[in-house]
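Visitor: Pasting in a structure now, in structure tokens, and then I'll have a few things to ask.
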Amino acid sequence: MTHLNSAVRLLDAAAEKYGDKTAIVDEWGEISFNELRKRGYALATAVIRATEADYLVAPVMVYLKKSISCPVSFMGAMYSANPYVPIAYDMPLNRIQKIIDSMMGRAHIITDARGYENLSGLDLPAGIKVHIYEEIAETEADEALVEKTLSRVTDVDPIYIMFTSGSTGTPKGVTVPHRGVIDYARWVENTFDIDENSVLGNQAPFYFDNSIFDIYSCLLTGAKMIIIPESLFLFPSKLPEFIRDNGITTIFWVPTVMINVANSGVLSTVKMPTLKNVAFCGEVMPNTQLNIWRRSVPDCVYANLYGPTEISDVCTYYIADREFADSDPLPIGRACENMRVIILNEKNEQAKTNEQGELCVIGSGVSLGYWNNKEITDKAFVQNPLNPYYTERIYRTGDLGYVNDEGLIMYLGRMDNQVKVKGNRIELGEIENAAMCIDGVNGACAVFDDKNQKIVLFVESREELRLRKFNTELRKYIPAYMLPSELVVMDKFPHTANDKIDRVTLKKSLQN
Ligand code: AMP
């Protein structure tokens with residue numbers, strides 16, 4: 001296969017080969033590979049014309065409701081030789097402002113009329129160019145201009161920047177190269193036998209890296225991607241019917257959604273004859289619910305994929321080809337193609353079999369670091385301590401694990417205050433920082449109640465605070481999925497001997 005300088009070349013090839021075949025479907029319509037390419041070119045033409053020629057990249061923030069217009073905009077960004085930055089449509093404006101600030105005055109924003117209105121309250125430097133999607137989609141494409149611009153891209157340039165929770169209160173922009181996504185798409189194609197007859201049922205929001213699986217395997221193979229209406233996820237028992245009625249062959253969902261479907265009982269009644277691959281990633285998948293799926297749809301490939309946003313989606317996988325007892329841990333398996341995982345113990349040496357250590361990742365999918373933030377990049381992306389010979393960057397995931405006797409990697413949990421709630425990655429520090437912005441709050445400490453899988457926010461305050469009203473204030477700074485489920489107000493926090501907030505005591509108080 002020819003060497004590609006940009007993942008958008010996959011779309012060029014798909015348009016050539018599959019032409020008017022449907023590429024993406026949403027609840028409002030569909031788009032063919034040809035049309036996707038054409039509109040991508042139109043958007044790119046508008047973006048290139050609005051870009052000053054003297055700088056390297058001007059990220060394209062895509063602030064749109066989830067629909068076909070999002071992938072179209074991603075293609076437009078790539079054709080314009082810029083990385084795209086998916087922004088959740090319901091992201092609080094304070095958080096969007098922080099992302100805009102990190103762009104150092106040079107970026108594009110593609111949005112719609114409502115988004116445009118929302119942005120009017122923000123501080124937008126002159127170099128931040130706002131485009132209305134419907135308007136620039138009508139631009140007459142300048143093919144020569146786009147081709148000339150695109151030809152300067154190399155496969156180690158950024159394809160996207162995905163912002164994930166940051167413990168200091170500022171989201172971290174993970175900057176991923178084209179090469180990682182291209183390699184990953186090929187791995188997905190081979191591992192799950194994706195071809196032009198496949199139909200992918202997309203659940204992942206486009207601002208989560210799980211969506212990379214769906215978008216790029218579709219572009220690579222000519223498969224169809226159906227964006228499942230977001231509202232359907234509120235009614236998990238309806239999802240199997242949707243899979244059946246739309247002939248979906250492959251799903252890659254967060255375990256929370258799979259659990260909700262299994263718990264609804266619907267799997268014993270609705271058959272899904274077309275379903276072939278059920279992959280999941282993002283948090284621990286409990287065997288109880290996985291076994292319910294397996295018994296209902298026995299002929300599927302079930303795959304536990306593992307990877308942080310800092311990798312082009314996934315770096316290890318395990319095909320779960322048998323039932324596991326409820327209490328048995330499900331392996332995260334082995335490294336994907338072009339990826340390697342090493343486990344470093346406390347001495348920074350390679351952990352032995354069954355010895356616990358930090359999972360560290362090497363390979364083409366490792367991101368370039370955090371956008372415009374050298375300090376945190378240098379902490380997490382470091383020289384491989386096992387390699388004294390040449391520069392080899394590894395990403396320290398902060399996840400604990402070990403390799404078992406069968407050579408399979410097992411996941412043990414986090415080393416820090418990062419948690420997962422319904423598949424969403426949350427730094428407890430981000431919630432605390434947001435709480436500190438609210439009047440009357442003298443201290444804040446967020447803890448995760450493991451038993452009930454919920455976030456409890458302890459607040460030091462002399463005022464009487466109520467959860468619902470407090471969360472309305474918090475919502476100005478953090479996304480809805482980060483809001484605490486419980487608020488505990490205290491006059492004074494307990495402190496440790498070295499005067500830090502005593503998290504352990506606060507967490508213990510939950511068990512009482
Ligand atoms: P995110 O950056 O949102 O993809 O979250 C990455 C984190 O989710 C990882 O560092 C893990 O802690 C957790 N995670 C991802 N995949 C799995 C998995 N298959 N099993 C358990 N935890 C996972």
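The values are calculated or read from the model by the stated rules, or taken from the named source; none is laboratory data. This one's a predicted model, so the numbers in the text were calculated from it and none came from an experiment. Positions of Cβ are generated from backbone atoms using ideal geometry, with glycine treated the same way; all protein chains shown enter the neighbour counts. Surface accessibility is based on the protein's heavy atoms, side chains included, excluding ligands, DNA and RNA. Shrake-Rupley method; radii C 1.70, N 1.55, O 1.52, S 1.80 Å.
Visitor: What translational diffusion coefficient, to the nearest whole µm²/s, does region 382-438 have by Stokes-Einstein, given a Kirkwood radius computed over alpha-carbon pairs, a temperature of 4 °C and 1.567 mPa s viscosity?
Guide: Once the numbers are plugged in, D ends up at 89 µm²/s.
Visitor: Let me ask you something else. For the chain, with every protein chain kept in place, what is the accessible area per residue (1.4 Å probe, Å²)?
Guide: It amounts to 43 Å² per residue over the chain.
Visitor: Note down the magnitude of the dipole of the chain about its Cα centre, charges +1 on Lys and Arg C-beta and -1 on Asp and Glu C-beta and zero elsewhere, to the nearest 20 debye.
Guide: Result for the chain is approximately 620 debye, rounded to the nearest 20.
Visitor: Tell me the mean residue ellipticity at 222 nm calculated for the chain from its helices only (DSSP H runs of n ≥ 4, each -39500 (n - 2.57), averaged over every residue, nearest 500).
Guide: When only DSSP H runs of four or more count, the value is -8500 deg cm²/dmol.
Visitor: Also: Tell me, in nm to one decimal, what length is gained between Lys65 and Asn348 on full extension, where the rule is 0.36 nm per residue of separation less the Cα-Cα distance?
Guide: 97.4 nm
Visitor: Restricting attention to region 365-460, which trypsin sites (Lys or Arg not before Pro) occupy a DSSP loop and are surrounded by at most 15 other Cβ atoms within 10 Å?
Guide: Lys422, Lys451
Visitor: Evaluated at 20 °C with a viscosity of 1.002 mPa s, what Stokes-Einstein diffusion coefficient in µm²/s does region 1-99 have when Rh comes from the Kirkwood expression over alpha-carbon pairs?
Guide: 148 µm²/s
Visitor: For Asp502, what accessible area in Å² do you get when you roll a 1.4 Å probe over the heavy atoms of the protein chains, rounding to the nearest 10?
Guide: Near enough 30 Å² of accessible area.
Visitor: So which chymotrypsin sites (Phe, Trp or Tyr not before Pro) in region 332-390 are both in a DSSP loop and have at most 14 other Cβ atoms within 10 Å of their Cβ?
Guide: Those that pass, being in a loop and sparsely packed, are Tyr389, Tyr390.
Visitor: Give the Cα extents of region 214-343 along the principal axes, in whole Å, largest first.
Guide: 43, 39, 26
Visitor: Also, I was wondering about something else. Out of the total accessible area of the chain (probe 1.4 Å, heavy atoms of protein only), what percent is carbon and sulfur?
Guide: 49 percent
Visitor: How much FRET efficiency would the formula 1/(1 + (r/R0)^6) give for Lys422 and Lys148, where r is the Cβ-Cβ distance and R0 is 56 Å, rounded to 0.05?
Guide: Plugging the Cβ-Cβ distance into 1/(1 + (r/R0)^6) gives 0.80.
Visitor: Still on this structure, please answer the following. Could you pull out the longest piece of the chain with no exposed loop GluC sites (Glu not before Pro) in it, calling a site exposed if DSSP puts it outside H, G, I, E, B and it has at most 15 other Cβ atoms within 10 Å?
Guide: Looking at the chain, 197-322 is the longest stretch - no exposed GluC sites (Glu not before Pro) with at most 15 other Cβ atoms within 10 Å.
Visitor: Something else now. Rg (Å, one decimal) plus Dmax (Å, integer) for the alpha carbons of region 274-338?
Guide: Rg, Dmax (Cα atoms, Å): 12.0, 34.
Visitor: Please say if region 431-503 is rounded, prolate or oblate, where rounded means a/c under 1.5 for a ≥ b ≥ c the square roots of the C-alpha gyration tensor eigenvalues, and otherwise the choice is prolate for a/b larger than b/c and oblate otherwise?
Guide: Cα axes put region 431-503 in the oblate bin.
Visitor: What are the membrane-span-like helices in the chain by this rule: whole DSSP H runs, Cα extent along the axis at least 18 Å, mean Kyte-Doolittle hydropathy at least -0.5?
Guide: 33-49
Visitor: If you plug each phi of region 153-161 into the Karplus form 6.51 cos²θ - 1.76 cosθ + 1.60 with θ = phi - 60°, what whole-Hz ³J(HN,Hα) values come out, in order, with x for Gly and Pro?
Guide: Values, residue by residue: 6, 10, 6, 9, 6, x, 9, 8, 10 Hz.
Visitor: Continuing with this model, one more query. What is the gain in length, in nm to one decimal, between Val504 and Glu30 on full extension, counting 0.36 nm per residue of separation less the C-alpha to C-alpha distance?
Guide: Once the chain is fully extended between Val504 and Glu30, it gains 165.5 nm.
Visitor: Based on Cβ point charges of +1 for Lys and Arg and -1 for Asp and Glu, what charge dipole magnitude is obtained for region 452-498 about its Cα centre, in debye rounded to the nearest 20?
Guide: The calculated dipole for region 452-498 is roughly 200 debye.
Visitor: Next question. If you wrap region 273-407's Cα atoms in a convex hull and average its projection over all directions, what's the area in nm²?
Guide: Mean shadow area of the hull around the Cα atoms is 9.8 nm².
Visitor: Still on this structure: Pull out the extension gain between Ser237 and Gln383, defined as 0.36 nm times the separation in residues minus the alpha carbon to alpha carbon distance; nm, one decimal.
Guide: 47.8 nm
Visitor: OK, next. Quick one: of the DSSP bridges fully inside the chain, what percent are antiparallel, nearest 5?
Guide: 60 percent
Visitor: Pick out, in residue order, every one of the trypsin sites (Lys or Arg not before Pro) in region 76-155 that is DSSP loop and has at most 11 other C-beta atoms within 10 Å; say none if there are none.
Guide: Arg152
Visitor: Taking Cα centroids, how far is region 434-512 from region 348-369 in Å?
Guide: So the two Cα centres are separated by 33 Å.
Visitor: Quick one: the Cα spread of the chain along its three principal axes, in angstroms, biggest first?
Guide: 67, 56, 55
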